[in-house]
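The values are calculated or read from the model by the stated rules, or taken from the named source; none is laboratory data. Values in this document were obtained by computation on a predicted structure and should not be read as measured data. All Cβ positions, even for glycine, are placed from backbone atoms using ideal geometry, and neighbour counts span all protein chains on display.
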Amino acid sequence: MTDTTASSFVREAMVTERSAPVKTTGFVGFLRTRLLNSPTNVLLTILGLLLIWYTVIPAIRFLLVDAVWHGADRNACLAENAGHAVGACWPFINAKLDQFIYGFYPAQERWRVNLTFLLAALLLLPMLIPRLPAKGLNAGLFFFAFPVIAFFLLHGGGLGGFGVNWTASLLVAFADSIKSAGDALVRAAGTTPVVGPLLWLLGQFVVLIGVTLSLILTPLLWVRDQILASGRPVWIDFALTAIIVSVLLFLLSGGVRTGWRTLVTCLASFAGIAIVIAVMGLDRGGLPIVDTRLWGGLLITLVVSVTGIVTSMPIGIALALGRRSTIPLIRLFSIAFIEFWRGVPLITVLFFATYMLPLFLPGNLTIDGLVRALIGISLFTGAYQAEVIRGGLAAIPRGQGEAASALGLSWWKTTALVVMPQALRHVIPGLVNSFISLFKDTSLVSIVALFDLLGQLRASFADPNWATPTTAFTGFAFTGLIYFIFCFGMSRYSLFVEHRLNPYRRN
Amino acid sequence: MTENPIVSIKGLNKWYGDFHVLRDVNLEVGKGERIVICGPSGSGKSTLIRCINALEEFQEGEIAVDGIPLGPNLRRVDEVRREVGMVFQSFNLFPHLTVLENCTLAPIWVRNIPQKDAEVSAMKYLERVKIPHQAHKYPGQMSGGQQQRVAIARALTMSPKVMLFDEPTSALDPEMVKEVLDTMVDLAKEGMTMLVVTHEMGFAREVANRVVFMDAGQIIESNTPANFFANPQHARSKLFLSQILRH
């Protein structure tokens, strides 16, 4: 070391590790290096403190210190009765809480809503905690069984038949629509010059296809009529469907050699369905029907946002893959679909779905107002998700797909096992951003006469019993808090997932 | 040329747009033969071996792997890929799966082997490349050399008849080149048919049966390593060797 003239140097003792200087770590270090290290930062620190002083303090005064906590009506929340300046009027929230949660859902049926919430929580929470086992079963129950159970719980009503009945009705409707299309062509042929005969021929041909189809369907219809004529149509139809589906799946998955696992899974699923039918009495008409027009409040907010979130993902994935497809027709369709839905405001979509769609649908076909809004929101959000997911797909190096292909994986398996899992991990922040945005956008359904949490709140302002100067502020503060809890929860959970996946599992 | 070739390439021509990348390439590889393909960058070496498992499409000619023909329509690509393993310059391990999962993915999903059996066999291959104790790590936790050895094991789990190596050591630190080359030498000793694009002339000398020199999309010279290095025939080969062997 001392010999600076020589160019050669050999270290004899290694330098040991020392802790960092005290002044750069800990609270003092934080003050010195982050808050007060330059004149600008000193100024910004002071401004920040002032901002906190002028927002947080008044908020606490309004919500807690000056708030009124007990009372039966508006009189409790008036300054002259309370004897001091009045902040939040919490008795108002207390009185209207049921309305905020259930809307106009009949009081004696509200246990059904509570049970649905409980079921959702019981299925969702274990799925979100990575340590717990049986994720596949859990996800299957949440994504497939729960929506059906929730529908029959919230909406009520029972079953008229099962698989055979549904298939028959669907196929008959299909054959009928082909026949009527043929008839329309034949009618058009009479009024069209030149190509008329050609159209007539084509029309007759289409009618022929339709008639043939309905002839083929005759035995199926006979079976259906026999089932409906019997004493217990639901159970006979259920048994028949279970047998047909199980045998089909058993044969498809390899029969005696490898099909046993599938058979067991299938029979277990049908047993589960049977238990649900029996417990809920779906074969005997089920629970009393509660029309969706009576639903409201948090119930609507959660139904709309959860349905939107869950259904928009598969739509988004399909569209994102479609937009990157090499098949021109699929790519064109995906681009047109995405750009259409992204180009239209959500309000327009909801308005169209609610008031215009019924004008285009055939007269005998009516779709529930809530369902129409749900379809609109799902497609709308799906288009946004598609672009987010496409961004993730673009970030996956080409080598990943090549390596999978070189191992002999087909395009579908490459996408499902290698490309999509990585792409989705890349875009978790973007996806959750859309979820949060969707959760808040659900309040737009109030323009189509569905009263979500915010709509219900605004409706409650009209009550003269609670008209005080601070009612509106209290209401908005309360709903704001509920929205915040849900959105902040989603945000934190997504961060947790990101951190969990982050360390070594990305490129 | 070769009796019952396992890979045979006849009259292969490929264009990128108007650019003629591969020109009348003919090559036959016998079972157990080890071929090193070298040449300047842009000479079409990588493109050639990527054509063999149809990662690149081609416009003219025919490739047959173990008797399975692969024409420009790539109709039997799935069958060919099952017989051919490939190792890439940038490893291309799947970063979201553990080392073991990387090695069992294809056996489970392509060959329908039960997970337990696939894991047992994958561990066997990981032992062969000397990283069995890292099976539950993620690729991001490993060094480049280890990742490339996992990539070799992953390709071997499909028990391919031919292994393609596309510059397997070019992305590695000098210290790690050796461990990968050692693995490849072991593989060669076991009789694997190998086509290796590489600039590692030491490996070529030690292991290859034949060195194929390419330039401008065509095969310029094909010879035994001894002859190729001691006595290159074509002027371009001489220039190439003088450039890379100078240091």
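Conditions first: (1) within 14 Å of chain A (Cβ to nearest Cβ); (2) charged (D, E, K, R); (3) farther than 22 Å from B:Ile35 by Cα. B:Glu175 passes all but one, so which condition is the exception?
Exception for B:Glu175: condition (1).
Does A:Ser378 count as more than 10 Å from chain B (Cβ to nearest Cβ) and either among the aliphatic types (A, V, I, L, M) or assigned to a helix (DSSP H, G or I) (or both)?
Against the criterion (more than 10 Å from chain B (Cβ to nearest Cβ) and either among the aliphatic types (A, V, I, L, M) or assigned to a helix (DSSP H, G or I) (or both)), A:Ser378 qualifies.
Just one of (1) within 23 Å of A:Leu248 (Cβ to Cβ); (2) surrounded by 14 or more Cβ atoms within 10 Å (Cβ to Cβ) trips up A:Leu202, so point out which.
(1)
Give the stretch A:172-199 a look and list any residue that's under 30 Å from A:Asp225 (Cβ atoms) and either surrounded by fewer than 16 Cβ atoms within 10 Å (Cβ to Cβ) or touching a Cys at 6+ places or on another chain (Cβ under 7 Å) (or both), or say none.
A:Ala173, A:Phe174, A:Asp176, A:Ser177, A:Ser180, A:Ala181, A:Asp183, A:Ala184
In the stretch A:466-492, how many are surrounded by 13 or more Cβ atoms within 10 Å (Cβ to Cβ), out of contact with any Cys (no Cβ under 8 Å at 6 or more places or on another chain) and in contact (Cβ under 8 Å) with a residue 40 or more places away in the chain?
Going through the stretch A:466-492 one residue at a time, the tally reaches 12.
It is to be established whether one or more residues within the stretch A:293-314 are over 21 Å from the mean Cα position of the chain (by Cα) and either not in a helix (DSSP H, G or I) or not basic (Lys, Arg) (or both).
yes
May I ask you to list the residues in the stretch A:460-490 that are of a type in the set (A, V, I, L, M) and not in a helix (DSSP H, G or I)?
If the condition is that a residue be of a type in the set (A, V, I, L, M) and not in a helix (DSSP H, G or I), then A:Ala462, A:Ala467 are the ones that fit.
From the residues in the stretch A:397-422 that are touching a residue at least 40 places away in the same chain (Cβ under 8 Å) and more than 7 Å from every other protein chain (Cβ to nearest Cβ), which one is farthest from A:Ser312 (Cα to Cα)?
Applying the filter and picking the extreme gives A:Pro397.
Picking from B:Phe213, B:Phe240, B:Phe229, which residue would you name as being surrounded by 19 or more Cβ atoms within 10 Å (Cβ to Cβ) and in a helix (DSSP H, G or I)?
Matching residue, one of B:Phe213, B:Phe240, B:Phe229: B:Phe240.
Give the number of residues within the stretch B:119-143 that are more than 11 Å from chain A (Cβ to nearest Cβ) and part of a loop (DSSP other than H, G, I, E, B).
We begin by selecting, within the stretch B:119-143, every residue more than 11 Å from chain A (Cβ to nearest Cβ); these are B:119-136, B:143.
Applying the additional criterion that residues be part of a loop (DSSP other than H, G, I, E, B) yields B:129-131, B:135-136, B:143.
Looking only at that region, the number is 6.
Any residue in the stretch B:222-244 that is in contact (Cβ under 8 Å) with a residue 12 or more places away in the chain sitting within a Cβ distance under 7 Å of a residue that is surrounded by 12 or more Cβ atoms within 10 Å (Cβ to Cβ) and β-branched (Val, Ile, Thr)? List the pairs, counting only those 6 or more apart or interchain.
Once the first residue is in contact (Cβ under 8 Å) with a residue 12 or more places away in the chain and sits in the stretch B:222-244, its partners that are surrounded by 12 or more Cβ atoms within 10 Å (Cβ to Cβ) and β-branched (Val, Ile, Thr) give B:Ser222/B:Val212; B:Asn223/B:Val211; B:Pro225/B:Val211; B:Phe228/B:Val211; B:His234/B:Ile220; B:Arg236/B:Ile220; B:Ser237/B:Ile220.
Across the stretch B:144-159, which residue is nearest to the other protein chains (Cβ to nearest Cβ) among those that are assigned to a loop (DSSP other than H, G, I, E, B) and in contact with a Leu (Cβ under 9 Å, 6 or more places away or on another chain)?
Only one residue fits best here, namely B:Met158.
Quick one: which residue in B:Lys31, B:Lys10 is more than 26 Å from B:Lys238 (Cβ to Cβ), surrounded by fewer than 19 Cβ atoms within 10 Å (Cβ to Cβ) and in contact (Cβ under 8 Å) with a residue 60 or more places away in the chain?
B:Lys31
Residue-by-condition table, conditions (1) at the interface with chain A (Cβ under 10 Å from one of its Cβ atoms); (2) more than 27 Å from B:Ala188 (Cβ to Cβ); (3) more than 19 Å from the chain's Cα centre (by Cα):
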residue: B:Tyr16; (1), (2), (3): no, yes, yes
residue: B:Arg23; (1), (2), (3): no, yes, yes
residue: B:Pro40; (1), (2), (3): no, no, no
residue: B:Leu74; (1), (2), (3): no, yes, yes
residue: B:Glu83; (1), (2), (3): yes, no, no
residue: B:Gln89; (1), (2), (3): yes, no, no
residue: B:Asn92; (1), (2), (3): yes, no, no
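Given the condition more than 10 Å from every other protein chain (Cβ to nearest Cβ) and in contact with a His (Cβ under 8 Å, 6 or more places away or on another chain), answer yes or no: does some residue in the stretch B:52-62 qualify?
Among the residues of the stretch B:52-62, not one is more than 10 Å from every other protein chain (Cβ to nearest Cβ) and in contact with a His (Cβ under 8 Å, 6 or more places away or on another chain), which makes the answer no.
Would you check which residues across the stretch B:53-100 are part of a strand (DSSP E or B), over 16 Å from A:Ser405 (Cα atoms) and among the aliphatic types (A, V, I, L, M) and list them?
So in the stretch B:53-100, the residues part of a strand (DSSP E or B) come out as B:60-65, B:68-70, B:84-87.
After this cut, where a residue has to be over 16 Å from A:Ser405 (Cα atoms) as well, the list is B:60-65, B:68-69.
Result: B:Ile63, B:Ala64, B:Val65, B:Ile68.
Would you confirm, using the coordinates I've provided, whether A:Gly401 is modelled with pLDDT of 90 or more, touching a helix residue (DSSP H, G or I) at 6+ places or on another chain (Cβ under 6 Å) and buried (at least 20 other Cβ atoms within 10 Å of the Cβ)?
no
Which of the residues that make up the stretch A:24-45 are modelled with pLDDT of 85 or more and surrounded by 11 or more Cβ atoms within 10 Å (Cβ to Cβ)?
Residues satisfying the conditions are A:Asn41, A:Val42, A:Leu44, A:Thr45.
Give me a count of the residues in the stretch A:381-415 that are of a type in the set (A, V, I, L, M) and part of a helix (DSSP H, G or I).
The qualifying residues number 9.
Looking at the stretch B:93-112 only, could you name the residues that are closer than 14 Å to A:Leu417 by Cβ and touching an Asp or Glu at 6+ places or on another chain (Cβ under 7 Å)?
Of everything in the stretch B:93-112, just one residue is closer than 14 Å to A:Leu417 by Cβ and touching an Asp or Glu at 6+ places or on another chain (Cβ under 7 Å), namely B:Thr104.
From the list A:Asp237, A:Asp225, exactly one residue is surrounded by 13 or more Cβ atoms within 10 Å (Cβ to Cβ) and within 27 Å of A:Phe174 (Cα to Cα). Which is it?
Numbers: A:Asp225 fails: surrounded by 13 or more Cβ atoms within 10 Å (Cβ to Cβ).
On inspection, the qualifying residue turns out to be A:Asp237.
Just the residues that are in contact with a strand residue (DSSP E or B) (Cβ under 9 Å, 6 or more places away or on another chain) and either among the hydrophobic types (A, V, I, L, M, F, W, C) or surrounded by fewer than 17 Cβ atoms within 10 Å (Cβ to Cβ) (or both), please, taken from the stretch A:82-91.
A:Ala82, A:Val86, A:Ala88, A:Cys89, A:Trp90
For the stretch A:354-395, enumerate the residues that are over 18 Å from the mean Cα position of the chain (by Cα) and closer than 21 Å to A:Leu299 by Cα.
Matches in the stretch A:354-395: A:Thr354, A:Ile367, A:Asp368.
So which helices (runs of 4 or more DSSP H) stay within the stretch A:57-161 end to end and still have 2 or more residues that are touching a residue at least 12 places away in the same chain (Cβ under 8 Å), of a type in the set (D, E, K, R) and touching a Gly at 6+ places or on another chain (Cβ under 9 Å)?
A:90-102
Tell me yes or no: at least one residue of the stretch A:346-367 is closer than 17 Å to A:Val445 by Cα, without any contact (Cβ under 8 Å) to a residue 12 or more places away in the chain and among the β-branched types (Val, Ile, Thr).
Yes, that holds for at least one residue.
Are any residues in the stretch A:326-356 more than 16 Å from A:Ala383 (Cα to Cα) and surrounded by 15 or more Cβ atoms within 10 Å (Cβ to Cβ), and if so, which ones? So that I can check it myself, show each step before the final result.
Taking the stretch A:326-356 as the starting set, the residues that turn out to be more than 16 Å from A:Ala383 (Cα to Cα) are A:326-329, A:351-356.
If the condition is that a residue be more than 16 Å from A:Ala383 (Cα to Cα) and surrounded by 15 or more Cβ atoms within 10 Å (Cβ to Cβ), then A:Phe351, A:Phe352, A:Ala353, A:Thr354 are the ones that fit.
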